[in-house]
Each structure stands twice: as C-alpha cells, then as structure tokens.
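Heads up: the structure comes next, in structure tokens.
The values are calculated or read from the model by the stated rules, or taken from the named source; none is laboratory data. All values reported here derive from a predicted model rather than from experimental measurement. Glycine gets a Cβ as well: all are built from the backbone with ideal geometry, and neighbour counts include every protein chain shown.
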C-alpha cells in the first residue's frame, strides 16, 4: 500500500497542474503562470546552491505577491472557483434565465414606450408547434434587437404573434385562436388581446400583449388576462410561471369514479 502513495500524489499534482494550465491557456494570466514557473526554478536553484539571503528575499516577495495577484486576477480566480462548484450547471441555467428575463422585460417595455403593438407567446409544456408551422418559421436565438425589429410596422412580420420556446424565437406572424365572448373581453380589447386570451385558454402558454393604442402591458395565462402590468410584477409573473415545477393535473371524473369503486369495495 505504501508503494501506491507516491503514485497517487503524482497523479493529484499532475491533475492540478493540468487544470491550471488548461484554464489559463491563451489568457492574459498565462504570462503570470510562466513567471511563477521561472520563480520556482530560481528558488530551487537558490536552495541547491545554498544561497540563504536570496531564498529569504524571495520568501518575503512571495508573501506580498500572493495578495497582489489575488486582487489583480480576481475575475479569473472567481471563474475558476465557479467551475469547480457542484452547482455550477444549475447556476449557469439560472443566470441564462435571468438574462433572458432582463432582455424580454426591457424589450416589452421599450415597445410600450413607443406604443408599438406586439403579441408574444412564451411556450411552456404544451407544444405550440401546430401554430408555428402555419406561421413564418425562424428558429432564431432570441435577441432584443430581433424581437423589436419583428414588431416594427415597416416589416411584414409585425402582424400576428411571435412564439418563443425557451430562448429561441420559433416563429413570427403566427395566427392564434381568438377567445370567445366572455366577461374577460371588453370593447377596448383588440385582436391581439383576444388572441392572447384564446391561446391561454387552450394551452399553458403565457401570452404578452403590448397595446398599440395605450402602450399598456397585458399578460394572459390560464384563461385570465391581466392588464396594466408594471415591470416588477411582469418579471415576477414570468419567473413564477417558468421556474416553478409543473403542477400535476388531476382528472376529476376519473378521481370520482375511483372513489366510488373504493366505497363499493368497502
């Protein structure tokens, strides 16, 4: 067993050096790494040649240099530590969602300030492929500039809804089913509001409407439309819908039948 310990130590040291080199390769910190290697070689030479004064000076230098290097290369060190974190993947996913949320929130309220009408549908679990296939397929990575340009009145894609799946703009100029007449529908609501309410009645998608007349923001989900949504509430609604686990739907008829069967069986 004692013969294996040196081999394990060599493997660990090799892995550490490999990780450090691969992380700093082709970065500004690579020159620093070369400098550390040269310093280590000089220190080893001073030890072999028995130069105590030089060794002591180098140790004094190291004590101050470590703190300075941690300050100068703080971003690189932070990134390296984040890569080692076991929750790194979840953190990256959260960061990407926050970035998307910031971008779509900013885009929607810029459209609101310009009073540019828009209808944006965020797909959740129920597929919107049926409506996307009847529209103009884009399959483009979401960017605020692209979304704003789609709803520009000078483009042929502004009339209709945009379907977004994750962070991808799936389709534009999508024709969505209109909601039937109900207490939710008022005279001030146009086709966009009725389409947003309609798609929310038959799917679990979330629909965002920017009014062309007033610039107000409305959100439709689960067959209910909320108008006059402010930025903080807007972000809160989207975060709650797309970060919470999907609720388990219970078939009430089947549940009632099972209850009767249990009663009969005593």
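Some observations on this one:
Let's see how each residue does on (1) modelled with pLDDT under 50; (2) not in a helix (DSSP H, G or I):
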| site | (1), (2) |
| --- | --- |
| 218 | no, yes |
| 226 | no, yes |
| 232 | no, no |
| 236 | no, no |
| 246 | yes, yes |
| 250 | yes, yes |
| 253 | yes, no |
| 262 | yes, no |
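- When the stretch 223-248 is filtered for residues that are touching a strand residue (DSSP E or B) at 6+ places or on another chain (Cβ under 9 Å) and free of Cβ contacts under 8 Å to residues at least 40 places away in the same chain, the ones remaining, listed by number, are 226, 227, 228, 229, 230, 233, 237.
- In the stretch 113-148, residue surrounded by the most Cβ atoms within 10 Å (Cβ to Cβ) [restricted to those that are over 22 Å from the mean Cα position of the chain (by Cα) and over 21 Å from residue 205 (Cα atoms)]: 116
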